[in-house]
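Taken together, the values in this text are just the output of simple stated rules run on the coordinates, not laboratory data. Note that the structure is predicted; figures quoted are calculated from it, not measured. Here the Cβ is made from the backbone with ideal geometry for all residues, glycine too, and neighbour counts use every protein chain on show.
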Amino acid sequence: MEGLISHRPAPGPHLRTAPAAALRAIQTVLTDIDGTMTRAGRIPAEVIAAAGAFAAAGVEVFPVTGRSAGEALGLARYIPAFRRAIAENGGVLVVPDRPIRFLRPAVDAAQLARAAQVLGGGAWRLAPCSAFRLTDQAFERDGRSDADLDAARHAAAQMDLCLTWSSVHIHLTLQPPDKGAGALAVLAEHGADPQTALAIGDAPNDEGLWHAGRFGLTVGTADVLHCWPRLRHRPEYTVGPAGEGWCEMAAEVLQARGILGGNGSPPGSG
C-alpha cells in the first residue's frame with residue numbers, strides 16, 4: 001500500500017554488485033547535492049573532477065537538489081560538468097540564460113512561515129536561502145532527529161501540507177515534493193530513456209529518485225542508513241558516505257565503460 005513504510009532489514013548491496021551491462025548503459029546521473037556530492041558543506045575537488053570525467057565520457061551529470069532555484073542556477077552556470085539543474089525538490093528547472101521553469105506551483109511564503117511556527121513550536125529558523133525559493137520554504141534542521149522530523153511530517157499532513165527533509169534543511173510545501181517526477185518529466189521532453197539514468201541521494205527528500213522502476217539504477221550513500229526505517233522508497237544499491245561515495249559511484253560506472261585513470265579512480269580524482 002502506498003505510504004506505508006516497508007521493513008527491509010538493511011540497506012542494499014554495494015553498487016559494485018550491479019550488473020555490468022546496467023552500469024555501461026548509464027547516460028545520465030541524477031544527483032542530489034548536499035550530503036551526496038558534498039563534504040562538510042562543500043563539493044570537493046575530487047567530486048568535481050569525477051563529474052568532469054563523466055562529461056568527457058558523454059554522461060550528463062544532472063543535479064536534482066533541494067537547494068533553492070538561485071543556488072541551483074549558480075551551480076549549473078559555474079560547475080563545468082553541469083548544464084542544467086532541478087531545484088527545490090522537483091519544484092523548478094533552471095538552465096543558464098533561460099527563464100526558470102516551474103514544475104510545481106509557486107507557494108505563499110507567509111502561509112508556510114505561519115505553518116512552520118505551529119509545527120516547530122516557534123523554534124524553527126527560516127533558512128537564509130528561502131529568500132530565493134519559489135515552490136517551497138526551507139528551515140534549518142539544527143540537529144533535529146529523523147524521528148522528530150517524521151512526527152512533524154505527519155503533523156504537516158494534518159494541515160494539508162507536505163514536509164520532507166535533507167541533511168541540512170526541513171522543506172515545507174503545498175504539494176508532495178518529488179525529485180524523481182520532475183526528473184522524469186524533463187528527461188521525457190528530451191527523449192532520454194530513464195532506464196539509462198542512475199539516481200543517487202542520501203536523505204528522505206531523495207525518495208522520488210529511488211522510486212522502484214523509475215530509473216535504471218538507484219543508489220544511496222552510506223548516510224541513508226540513518227533514515228532507512230522511515231523511507232517509503234529505498235535505493236537498490238549503496239556506496240560510501242557523501243563525496244567519497246559519489247566518487248565510488250563514478251568509478252563503478254566509468255570502469256564498466258572502460259574509462260578509468262591509472263590508479264583505478266575516475267580521471268583527475270587522484
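Here are the numbers for the structure shown:
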{"quantity": "Over the range 109-173, relative contact order from alpha-carbon pairs under 8 Å, at least 6 apart, %", "calculated": "32 percent"}
{"quantity": "Per-residue ³J(HN,Hα) for the range 142-157, Karplus 6.51 cos²θ - 1.76 cosθ + 1.60, θ = phi - 60°, Hz, x for Gly and Pro", "calculated": "6, x, 5, 6, 4, 5, 4, 6, 5, 5, 5, 4, 5, 5, 4, 4"}
{"quantity": "Under the Karplus curve 6.51 cos²θ - 1.76 cosθ + 1.60, θ = phi - 60°, whole-Hz ³J(HN,Hα) for the range 102-110, x wherever Gly or Pro sits", "calculated": "7, 9, 8, x, 5, 10, 8, 4, 5"}
{"quantity": "3J(HN,Hα) from dihedral phi, the range 212-225, Karplus parametrisation 6.51/-1.76/1.60, rounded to Hz, x for glycine, proline", "calculated": "4, x, 6, 10, x, 9, 10, 9, x, 5, 4, 5, 5, 4"}
{"quantity": "Projected-area mean, the range 56-120, by convex hull of Cα positions, square nanometres", "calculated": "5.5 nm²"}
{"quantity": "Net charge of neighbours whose Cβ lies under 15 Å from the Cβ of Ala192, counting Lys and Arg as +1 and Asp and Glu as -1", "calculated": "0"}
{"quantity": "Rounded to 5, percent antiparallel among DSSP beta bridges of the chain", "calculated": "50 percent"}
{"quantity": "Assigned charges on the beta-carbon of Lys, Arg, Asp, Glu; the chain dipole about Cα centre (debye)", "calculated": "260 debye"}
{"quantity": "For Val61, distant residues with modelled amide H under 5 Å away", "calculated": "Val29"}
{"quantity": "Dipole of the range 36-174, positive direction: furthest Cα of Ala76, Val118, Ala156, with charges on the beta-carbon", "calculated": "Ala76"}
{"quantity": "Solvent-free Debye scattering, log10 I(q)/I(0), computed from the Cα coordinates of the range 1-112 at q = 0.12, 0.13, 0.16 Å⁻¹", "calculated": "-0.56, -0.65, -0.91"}
{"quantity": "The chain: relative contact order in percent, alpha carbon pairs under 8 Å with at least 6 residues between", "calculated": "25 percent"}
{"quantity": "q = 0.09, 0.13 Å⁻¹, the chain: log10 I(q)/I(0) [Debye, one scatterer per Cα]", "calculated": "-0.37, -0.79"}
